[in-house]
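The values are calculated or read from the model by the stated rules, or taken from the named source; none is laboratory data. Nothing here was measured: the structure is a model prediction, and the numbers come from that model. Backbone-built Cβ (ideal geometry, glycine too); neighbour counts: all protein chains shown. For the accessible areas, the whole protein counts, side chains as well, though only heavy atoms, and no ligand, DNA or RNA atoms are used. Shrake-Rupley method; radii C 1.70, N 1.55, O 1.52, S 1.80 Å.
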Amino acid sequence: MSEHNLTEKQHAALRRIPAIEQVLVRGWFLDIQEQYSRDLVTEALRSVVAEIRTQILANREISHVPDDAQLAGITRAKLESMTASSILPVINVTGTIIHTNLGRSLLSTSACEGIRQAASNYVNLEYNLESGNRGHRDLITEPILQRLTGCGASTVVNNNAAAVLLTLNTLGRGKEVIVSRGELIEIGGAFRIPDVMEASGAILREVGTTNRTHLKDYENAINENTALLLKVHPSNYKIVGFTAAPGIEEVAELGHRNGIPTMEDLGSGSLIDLTKYNLPYEPVVRERIEAGVDILTFSGDKLLGGPQAGIIAGKSKLIRQIRKNPLMRAFRVGKLTIAALEATLRLYLNEDRLIENLPMLYRCTRSMYELRTVAEKLEASLLQVFGEDMTVAIKESHAQIGSGSLPIETLPSLAVVLESKNTSADALAANFRTQSRPVIGRTQDNRFWMDVRTIGEQELDWIADAAKNVMGGLSRNSG
């Protein structure tokens, strides 16, 4: 609206808007400037004043302009919003334990303490305490990885995609890398083996077919320009039916006969036999090294249960080559990742206590009895909140490990399910998702599902608080 067409009330309201510089030297705003810089307070105040002016111009009957105290309150709220962290803790009731979009594995108490210590102190990241000379950051995690996996040497980069790219670039640049057509996978975030290989400078040599590849296919493809035999463990799919693939021992033995290293991308990176915990089998790093694989890449933040990292383990000679690659400096990790990873790896030295110490494994192995107890507590608290306005029931559910790990298998679980005649499941999900501590579930058959496999006692209270806010919002909207 043009200011020429304003009412007298609007003109009067506009005249009462104070000048920015005058407001900044008043008591309320001097107090705010003890907490925030003058420039930031000025920016927030200008934004608040602009909003007030817009409201006045849009409403012909408006006459109220906030006084100093009210203006200070609005400005402080604006500043809190401007300076608040964008990364928020959420409650995961999706049924996916290692949820990529929600930060993957939860870290152990010891890993969190390791990060705290490394963050708040100088550390011997690249300093040899015995000699007083420069050391190497790999020497912090390498001894324990040698013990856990049997590798000759290892190095750590920022994720498994980087581990694959760096290894291919070091060992296969300008030469052929033989891989089965059935293993040219794509995983989340458009990570495609052919694209990664192209970016690395290696030449892709496909062998076999999508569903069947034989050892002779690898053997027939070997020539004087072959640098690597590559095996890729399917991380988010499985081919079933009329299939064939040579065992890793056969491929490794073929490589050794021809003087060609064998590389395997294990993806999820399990350090233990998961079948001991009644979980589906996943290749174990030590088993692959004992089978003769020369170089392995795997994640630190999936089945291993640590921070985001890519681990390269294998023959010392090959690791030394990788460390000398100029890209290594671009992909290496910092002290916080190394501290968290080492603390996580140390948990595996006492496997008898691994379930209680490793959050990822604990959530994967919770008994149905324990899940029933949690589900009944959550059901009771939600019934108290929603009463007859919502159907609340416990139903059987299927959880998954997630992040491409064990893609076909699911874990039996339970969920507390909400259904409303007046509110859609999507609207319920959105309401829970926008709470101060967001609750992230899933919708199915116009119901909102909260799988309990990933939640603990404290989170039950947080979900109940969120439910009270959701119920209050629904009541106001219906009123």
query: So which residues in the range 32-64 are aliphatic (A, V, I, L, M) and surrounded by 12 or more Cβ atoms within 10 Å (Cβ to Cβ)?
result: Ile32, Leu40, Val41, Ala44, Leu45, Val48, Val49, Ile52, Ile56, Leu57, Ile62
- request: Go through the range 178-204 and count every residue that is surrounded by fewer than 17 Cβ atoms within 10 Å (Cβ to Cβ), modelled with pLDDT of 85 or more and touching a Ser or Thr at 6+ places or on another chain (Cβ under 8 Å).
  value: 1
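Please list, ordered by residue number, the helices (runs of 4 or more DSSP H) wholly in the range 90-202 having 3 or more residues that are of a type outside the set (Lys, Arg) and within 30 Å of Thr454 (Cβ to Cβ).
Fully inside the range 90-202 and qualifying: 109-120, 138-149, 160-172.
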message: Being closer than 26 Å to Leu171 by Cβ, open to solvent by 10 Å² or more (accessible area, probe 1.4 Å), in contact with a Leu (Cβ under 8 Å, 6 or more places away or on another chain) and in a helix (DSSP H, G or I) narrows it down to one residue among Ile289, Ile322; which is it?
response: Ile289
query: Which of the residues belonging to the range 133-174 are more than 20 Å from Asp294 (Cβ to Cβ), among the basic types (Lys, Arg) and touching a helix residue (DSSP H, G or I) at 6+ places or on another chain (Cβ under 9 Å)?
result: Arg137
- prompt: Pick from Ala340, Ala330: which is buried (at least 21 other Cβ atoms within 10 Å of the Cβ), closer than 22 Å to Gly300 by Cβ and among the aliphatic types (A, V, I, L, M)?
  reply: Ala340
field: Odd one out for Leu371, checked against (1) at pLDDT below 95; (2) buried (at least 18 other Cβ atoms within 10 Å of the Cβ); (3) closer than 30 Å to Asp273 by Cα
entry: (1)
statement: If you go through Glu376, Glu351, the only one that is open to solvent by less than 70 Å² (accessible area, probe 1.4 Å) and either within 23 Å of Leu411 (Cα to Cα) or in contact with a helix residue (DSSP H, G or I) (Cβ under 9 Å, 6 or more places away or on another chain) (or both) is Glu351
task: Count, please, the residues in the range 217-267 that happen to be within 21 Å of Leu166 (Cα to Cα), in a loop (DSSP other than H, G, I, E, B), of a type in the set (A, V, I, L, M, F, W, C) and at pLDDT below 95.
output: 0
message: Among the numbered criteria (1) open to solvent by 10 Å² or more (accessible area, probe 1.4 Å); (2) out of contact with any strand residue (DSSP E or B) (no Cβ under 8 Å at 6 or more places or on another chain), which one does Gly306 miss?
response: (1)
